[in-house]
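Everything on this sheet refers to the single structure shown next.
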Amino acid sequence: MDSAGVPTPDPRESAAADEPRDQTPRKGPALKILFIGDIVGSPGRKIVHERLADILAQREIDLCIVNCENAASGFGVTPRIAEDIFAAGADVLTSGNHIWKRKEIIEYLPGQPRLLRPANFPISSPGHGLYVGRAKNGVGYAVLDLQGRTFMTPIEDPFRTATLELARVPPDVKVIIVDMHAEATSEKVAMGWHLDGKVSAVLGTHTHVPTADFRVLPGGTAYITDVGMTGPHDSVIGMEKRGILEHFFDNTMPSRFVVAEGDIRMNGVQIDVDESTGHARSIDRLTFRLD
Ligand code: FE2
């Protein structure tokens with residue numbers, strides 16, 4: 001203290017103050033998440049079984065989420081198929097409007113919390129739409145499955161449901177991935193903005209065609225309107241072209257929809273999420289082809 005009562009600078013503090021300060025925000029470790037779009041039939045399952053494990057290893061993925069609702073001949077999923085996809089490397093499976101197409105899934109679903117049906121299904125529906133778990137590196141995460149209502153069955157409000165379900169996620173779980181299974185682009189985009197800053201990613205599924213609008217929204221939420229499907233692309237969104245064309249030419253006659261076979265591709269997105277904040281750092285769209 002000098003005579004005027006002004007504190008005398010500590011020479012050690014002065015030395016520290018003269019050193020340049022790094023103003024760059026500190027970045028903690030990132031959780032690497034791979035989300036695979038709707039598996040369609042046996043061609044979709046084939047590429048998952050042949051390629052997914054290598055992709056997870058090469059990209060050092062911590063958490064793999066797969067939408068499986070078209071995995072059984074294009075409609076629904078069976079317990080055996082679900083177990084096969086888990087064995088191929090998926091940690092959590094999401095679904096949508098076709099989840100009940102295979103009756104055997106009704107008894108399987110309540111006993112397998114890592115297979116989700118949309119959270120805004122009627123409250124009496126078997127199973128759950130939210131899963132909270134830990135990734136391979138120990139980081140807590142949550143996956144929320146929602147379904148849109150525009151041009152689809154008018155179920156519960158997915159926006160209000162999202163708010164209610166997110167309130168159930170433990171506060172220490174920062175990494176939250178939402179599958180928004182919906183027909184209308186506008187409804188998916190709106191959900192992205194509704195949840196921006198509240199979740200790590202809002203990823204659209206159901207329409208099967210990948211979109212080019214992937215980005216990280218201002219609040220730190222990764223977004224894409226549709227991830228795209230995993231299955232045969234020499235098709236109309238996975239089905240043989242002939243049956244679909246017959247349907248469109250004369251939609252009064254019954255048509256038989258059969259899963260196509262050619263040009264098998266796996267569409268997905270990789271999201272890198274800051275483990276401490278849950279904010280997405282990046283989202284990249286990925287396509288893999290079967291040789
Ligand atoms: Fe769907």
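The values are calculated or read from the model by the stated rules, or taken from the named source; none is laboratory data. Bear in mind the structure is a predicted one, so any value in this text is a computation, not a measurement. As a convention, Cβ positions derive from the backbone with ideal geometry for all residues, glycine included, and neighbour counts pool all protein chains shown.
The set of residues in the range 246-268 being in contact with a strand residue (DSSP E or B) (Cβ under 8 Å, 6 or more places away or on another chain) and either at pLDDT below 90 or in a loop (DSSP other than H, G, I, E, B) (or both) consists of 257, 258, 260, 261, 262, 263. Residues that are within 16 Å of the ligand (Cβ to nearest atom), among the small types (Gly, Ala, Ser) and at pLDDT 95 or above: does the range 128-138 have at least one? Checked against the condition, which is being within 16 Å of the ligand (Cβ to nearest atom), among the small types (Gly, Ala, Ser) and at pLDDT 95 or above, the range 128-138 yields at least one hit. Restricting 259, 269 to those that are in contact (Cβ under 8 Å) with a residue 60 or more places away in the chain and either within 19 Å of residue 226 (Cα to Cα) or touching an Asp or Glu at 6+ places or on another chain (Cβ under 7 Å) (or both) reduces the list to 269. I'd like the full set of residues that are surrounded by 16 or more Cβ atoms within 10 Å (Cβ to Cβ) and closer than 15 Å to residue 44 by Cβ, limited to the range 259-285. 259, 260, 264, 265, 266, 267, 268 - these are the residues of the range 259-285 that are surrounded by 16 or more Cβ atoms within 10 Å (Cβ to Cβ) and closer than 15 Å to residue 44 by Cβ. Residue count for the range 215-236, restricted to those that are outside any strand (DSSP E or B), in contact with a helix residue (DSSP H, G or I) (Cβ under 8 Å, 6 or more places away or on another chain) and surrounded by 19 or more Cβ atoms within 10 Å (Cβ to Cβ): 5.
For the range 90-120, a residue qualifies if it is within 13 Å of the ligand (Cβ to nearest atom), hydrophobic (A, V, I, L, M, F, W, C) and touching a strand residue (DSSP E or B) at 6+ places or on another chain (Cβ under 9 Å), and exactly one does: 99.
Quick one: which residue in 228, 197 is in contact with a Pro (Cβ under 7 Å, 6 or more places away or on another chain), on the phi > 0 side of the Ramachandran plot and touching a residue at least 12 places away in the same chain (Cβ under 8 Å)? When all the criteria are applied, what remains is 228. Only a single criterion out of (1) part of a helix (DSSP H, G or I); (2) within 16 Å of the ligand (Cβ to nearest atom); (3) under 19 Å from residue 128 (Cα atoms) is not satisfied by residue 178, namely (1). Residues of the range 43-71 that are touching a Ser or Thr at 6+ places or on another chain (Cβ under 7 Å) and at pLDDT 95 or above: 44, 47, 48, 65, 67, 68.
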